[in-house]
Each structure stands twice: as C-alpha cells, then as structure tokens.
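S.K.: For reference, the structure I am asking about is given below.
Every number in this text was worked out from the coordinates using simple rules, so none of it is lab data. Please read these numbers as outputs of a predicted model, since none were measured by experiment.
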Amino acid sequence: GVSPNKLGESGIGFRGSEPAENLVFLDGIRLYKMDHALGYYSAINADVVDEVRIHKSGYPATYGERTSGVLDILTSTRRPDVAEGSLGVDRDMAKLTFAFPMGAYADAWFSVRKTIDSRTTDVVYGRVFEQTFNEEPTDFEMYEGVFDHQDYDFQDAIVKFNVTPNNRMRLGFT
C-alpha cells in the first residue's frame, strides 16, 4: 500500500517504507527532497503537474536502485493555443502560473510560488518540537540552538519548454 508519513515529514511510504527509500522523479529529473518548511509545503508545484505514476512494486529496471517504490511525476505537455495564466493567494502563499505558445512548434510554462506568512509554519514547528522532545514549546530555551519559533520563507519556480518539431516527436526541457 501507499501511506503518508507523520507530522513534520513529507513524502509517502510504499509497503511500510521510509521516504528516503523511494525514488522520485520530476520529468526524469531525480529529486532528493520533497518538501519545504518541515514538510508543510510540497517541493512539487501541483499547478504544473499533469500525471503521476506510482510504482509500488514490479517497477522497470531503469528504476532499480531503490528498495521501496517509485514516484514518477510528469509536468504538463499540453500546448496552449493562446497565452493563459492563473494567480492564487491564500493565507500562506502566493503563486503565479503562466503558459504561452512560442511560434508554431514550441510553448513555455512557468510557475512561481512564495510564502507570504509564517504563522502556519510556526504552528507546525511547535508541533514537531512537541513530538520530538515530548515537551511544550515553552521549554525551547533549555535546548541550545532551538528557538521558540522559526520563520520559514521560501520561493521556488519551475520552467518548462516544449518543442514539437513534428507529429511524432515532442521534446521537453524542465
């Protein structure tokens, strides 16, 4: 089966495994870290994901260096006819995604995200502290180098170019 991990950890487990035992790809690019901010934010921007292939067992030999499972994430290959975009803002993050054709045989996608508030990650940090040390976050000062809150700020971007020289071939650069 496939199961999520505990608070403060991102990734998924295949048949009881740890996330480190999985092999994760984004458009054929191996990913070593699946999260930002103690697992609260995914490193994968869902706005550009087109397909996710999960191999729990019996996966092809090209994926043979892991003992658990394979998560193969593919970004969009849909060619937009005209420029299109979306903007989203919630209490933690702002994001912008834009796609546009580039002549008759190419298109481009880009998506950027940035945190705008760290209150939620402060709560997550406190919960992880409690689970790790079995104490309330008010006892932070007794641990050297551990603070009563942690400001997490990140931004990321993904850019993809697709080129279609003919009906039988499509090249993607992520």
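S.K.: Give the Cα extents of region 64-108 along the principal axes, in whole Å, largest first.
M.R.: 44, 38, 10
S.K.: If you don't mind, another one. What length, rounded to one decimal in nm, is gained on full extension from THR164 through to ASP27, with 0.36 nm per residue of separation minus their alpha-carbon distance?
M.R.: Value of the extension gain: 47.7 nm.
S.K.: Still on this structure: Expected output is a single nm value to one decimal: the length gained when fully extending between PHE100 and ARG53, i.e. 0.36 nm times separation in residues minus the C-alpha distance. What is it?
M.R.: Taking PHE100 through ARG53 to full extension adds about 14.3 nm, to one decimal.
S.K.: If amide hydrogens are placed 1.01 Å from N in the peptide plane, which non-local residues have theirs closer than 5 Å to the one on ARG79?
M.R.: So ARG79 has HN proximity to no qualifying residue.
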